[in-house]
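The values are calculated or read from the model by the stated rules, or taken from the named source; none is laboratory data. Being a predicted model, the structure only gives us computed values, none of them experimental. As a convention, Cβ positions derive from the backbone with ideal geometry for all residues, glycine included, and neighbour counts pool all protein chains shown. Ligands, DNA and RNA are stripped out before the accessible areas are found, and what is left, the full protein with its side chains, is counted by its heavy atoms. Shrake-Rupley method; radii C 1.70, N 1.55, O 1.52, S 1.80 Å.
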There are 2 protein chains.
Amino acid sequence: MSLLGIDLGGTKLTLALFTESGELVHKETVLLDKTGGEATGRFIREKTNNMMKIAREKADPVQSIGVSVPGISRKQSGTVWAPNIPGWQDYPLLEELRLVSDGVPVQIEGDRSCYVLGERWQGKARNCDHFIFLAIGTGIGAGIMINGQVLDGVNGSAGSIGWMTMHPSWMEEYGKHGFFECWASGEGMIRLTKSKLNDHPGYKGPLREKEASALTTRVLFEAAEQEDSLAKDIIQTCISLWGMAIANLVSLFDPAMIVLGGGVFGPAARYLPDIQQQALKWGQPQSMPKTEITLSALGSDAGVYGAGFLALSSLQPKQSGN
Amino acid sequence: MSLLGIDLGGTKLTLALFTESGELVHKETVLLDKTGGEATGRFIREKTNNMMKIAREKADPVQSIGVSVPGISRKQSGTVWAPNIPGWQDYPLLEELRLVSDGVPVQIEGDRSCYVLGERWQGKARNCDHFIFLAIGTGIGAGIMINGQVLDGVNGSAGSIGWMTMHPSWMEEYGKHGFFECWASGEGMIRLTKSKLNDHPGYKGPLREKEASALTTRVLFEAAEQEDSLAKDIIQTCISLWGMAIANLVSLFDPAMIVLGGGVFGPAARYLPDIQQQALKWGQPQSMPKTEITLSALGSDAGVYGAGFLALSSLQPKQSGN
């Protein structure tokens, strides 16, 4: 039996075939263009169709499809709200995928849910019913599992931790991204770097060279590794914010485990001990020392694994975590 | 049928008899002395015994007992961790209450759980399965209800929002109380007032008069009402922190409702519109405007109502919210 997991991101699309036991058999990742709207829908259909064909050629046709979307899946209408894809305020993705799904079940969930489902299925949180996946990539979001169930919230927006404020001073920018995402996501780290470069006109290091066009988190992490003081200072600010955010999650949810994932972890993984130290400083003193803080085992594939698990759970509706 | 609810606070003890339908028939509130240990246990037994007698005299004997404690109830051992009662690190409250309970069921829960159960049984959140009770009194805590179930957490410490940090600068004091409780609880507001008085040596207003001995939140709220600028400034700081905390709860949990209770709401109730405005500024923009923010209908009785509901739920084990 073949399961198709589809992870739609803001900038790329990953499709993978899984076995029922969670083995990844085939994976493709392609960049999305920025067109959005129906063009993106058409592109997803094409790629889906192609994966269905590959599975048939392997004599193991797809039995079920799961899709992770960067936003909110509205189950009743089958539509998707994905703020980073132009024209996807209420996009009829379910209806469109049914055109190419050969009648197999299709289930769509928000990426925060999929991260947590993927990590529980094949990652660090197997057999763990109470944990949080904190995804720090281009943006920031948290998938929250309580008693083996994903927390959706009343409006489907639970886990919107990018909006968590950890400083009382207000800036207009926070109205667009939220405080935490504004400074401590991948894009936020670049924003923070530009702001610090502005504050230090005399600085002449590697971040200045790239300032005009090629400033990336990679450049930033490399500069810090080469002991550039401004880069180290910026990363220290982020370590502090990441640690505070983990502490706040633990004080509020008291989970067994926090799993760190997304593109930034990645290179930020080496700072895990410093992040833990910050979290221990701020968190509730009974629960914080007992909470495991760990790196995702699936890295940037957590979403597509979660989509694969979604596909499986449509076939086994009583599977825990569905 | 008579239900006995017992709300043990840090400074007082409230006992109440309820009917099965949640009508409060008889209530007594008594101050605790500061002795702690077995003396507090003996005092609770005496008062419990007395309420059992009152119920018998009304020809409606107590059928079940529920107890709210200011800390964590360890179900397996029947013991209680209550940091503000001396000697109650692991106090055998269940065993002791059984000496006077005439063989009826006794159930003990932490106060955060009881607030939320009380408010759902007889307060603002009837029929609401997704809401948070934010209790701001001497300390700060949150009771969290998800899908009709109270969130306990792995170590029983979920909802410890007093430990939520909303400022990256560290102070030793935060290790004792947590950031939010340190400044925005009842005791925190006094701490903040003393700190502001220190920063403004030229200030001669009503807060200065009471500084040495009689500084209370009541004095602070009254001074603000009389347009004292320092008092208004202090309350503005708290409004900002309360609004930020509500925003963070909504961004993370996406509940239908936030209920504000505890001794501070009370006098802070008049600032609800300002608090809402702060929350709207910081919270996740899809869910925040849809979340009802309201004042507890039960005020300082939320805990004892919750204890009454606990008593009821021992008799009706399938009651939702148990």
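Couple of notes before you dig in:
- Residue in the stretch B:224-242 that is at the interface with another protein chain (Cβ under 10 Å from one of its Cβ atoms), among the hydroxyl-bearing types (S, T, Y) and open to solvent by 10 Å² or more (accessible area, probe 1.4 Å) present: yes
- Residue that is nearest to A:C128 (Cα to Cα) [pool: residues in the stretch B:159-172 that are at the interface with another protein chain (Cβ under 7 Å from one of its Cβ atoms) and in a loop (DSSP other than H, G, I, E, B)]: B:G159
- Among residues of the stretch B:279-305, those that are open to solvent by less than 30 Å² (accessible area, probe 1.4 Å), polar (S, T, N, Q) and within 14 Å of another protein chain (Cβ to nearest Cβ), counted: 3
- In the set (1) open to solvent by 10 Å² or more (accessible area, probe 1.4 Å); (2) in a loop (DSSP other than H, G, I, E, B); (3) more than 30 Å from B:Q278 (Cβ to Cβ), the condition left unmet by A:G156 is number (3).
- Close Cβ contacts (under 7 Å, 6 or more residues apart or on different chains) running from residues in the stretch B:118-137 that are within 14 Å of chain A (Cβ to nearest Cβ) and in contact (Cβ under 8 Å) with a residue 12 or more places away in the chain to residues that are open to solvent by less than 10 Å² (accessible area, probe 1.4 Å) and part of a loop (DSSP other than H, G, I, E, B) comprise B:D129/B:G148; B:H130/B:P255; B:F131/B:A125; B:F131/B:P255; B:I132/B:P255.
- Set side by side, the residues B:G103, B:G41 differ, and just one is over 25 Å from B:R120 (Cβ atoms), free of Cβ contacts under 8 Å to residues at least 12 places away in the same chain and open to solvent by less than 80 Å² (accessible area, probe 1.4 Å), which is B:G103.
- Only one of the numbered conditions (1) within 14 Å of chain B (Cβ to nearest Cβ); (2) modelled with pLDDT under 95 is violated by A:A212, and that is (1).
- Among the residues of the stretch B:87-113, those that are under 19 Å from the mean Cα position of the chain (by Cα) and outside any strand (DSSP E or B) comprise B:W88, B:D111, B:R112, B:S113.
- Test for B:A39: is it in a helix (DSSP H, G or I) and within 20 Å of B:D301 (Cβ to Cβ): no
- Given (1) in contact with a strand residue (DSSP E or B) (Cβ under 7 Å, 6 or more places away or on another chain); (2) open to solvent by 20 Å² or more (accessible area, probe 1.4 Å), number of the condition B:F131 does not satisfy: (2)
- Residue match in the stretch A:285-301 (condition: within 19 Å of the chain's Cα centre (by Cα), assigned to a helix (DSSP H, G or I) and at positive phi): yes
- Hey, A:R98 of a type in the set (K, R), out of contact with any strand residue (DSSP E or B) (no Cβ under 6 Å at 6 or more places or on another chain) and surrounded by 15 or more Cβ atoms within 10 Å (Cβ to Cβ) or not: yes
- Test set (1) under 25 Å from the mean Cα position of the chain (by Cα); (2) more than 14 Å from every other protein chain (Cβ to nearest Cβ); (3) not hydroxyl-bearing (S, T, Y) - B:E181 fails condition number: (2)
- The stretch B:12-37, subset exposed (fewer than 13 other Cβ atoms within 10 Å of the Cβ) and in contact (Cβ under 8 Å) with a residue 24 or more places away in the chain, residue farthest from B:E96 (Cα to Cα): B:K34
- Checking B:N147 against (1) without any contact (Cβ under 8 Å) to a residue 24 or more places away in the chain; (2) away from chain A (no Cβ under 13 Å), the condition it does not meet: (2)
- Test: residue in the stretch A:184-198 that is open to solvent by 10 Å² or more (accessible area, probe 1.4 Å), more than 9 Å from chain B (Cβ to nearest Cβ) and among the acidic types (D, E): yes
- Count - residues of the stretch B:62-77 that are under 12 Å from B:G110 (Cα atoms) and either open to solvent by 50 Å² or more (accessible area, probe 1.4 Å) or not aliphatic (A, V, I, L, M) (or both): 7
- Filter result (at pLDDT below 95 and of a type outside the set (K, R)) within the stretch B:3-19: B:G9, B:G10, B:T11
- Listed conditions (1) part of a loop (DSSP other than H, G, I, E, B); (2) facing chain A (nearest Cβ under 9 Å); (3) farther than 20 Å from B:G9 by Cβ are all met by B:G175, apart from (1).
- Every residue from the stretch A:243-278 that is open to solvent by less than 10 Å² (accessible area, probe 1.4 Å), more than 18 Å from A:A125 (Cα to Cα) and more than 7 Å from chain B (Cβ to nearest Cβ): A:G243, A:A245, A:V264, A:A268, A:I275
- With respect to the conditions (1) outside any strand (DSSP E or B); (2) open to solvent by 20 Å² or more (accessible area, probe 1.4 Å); (3) within 19 Å of A:A307 (Cα to Cα), A:A59 lacks only one, and its number is (3).
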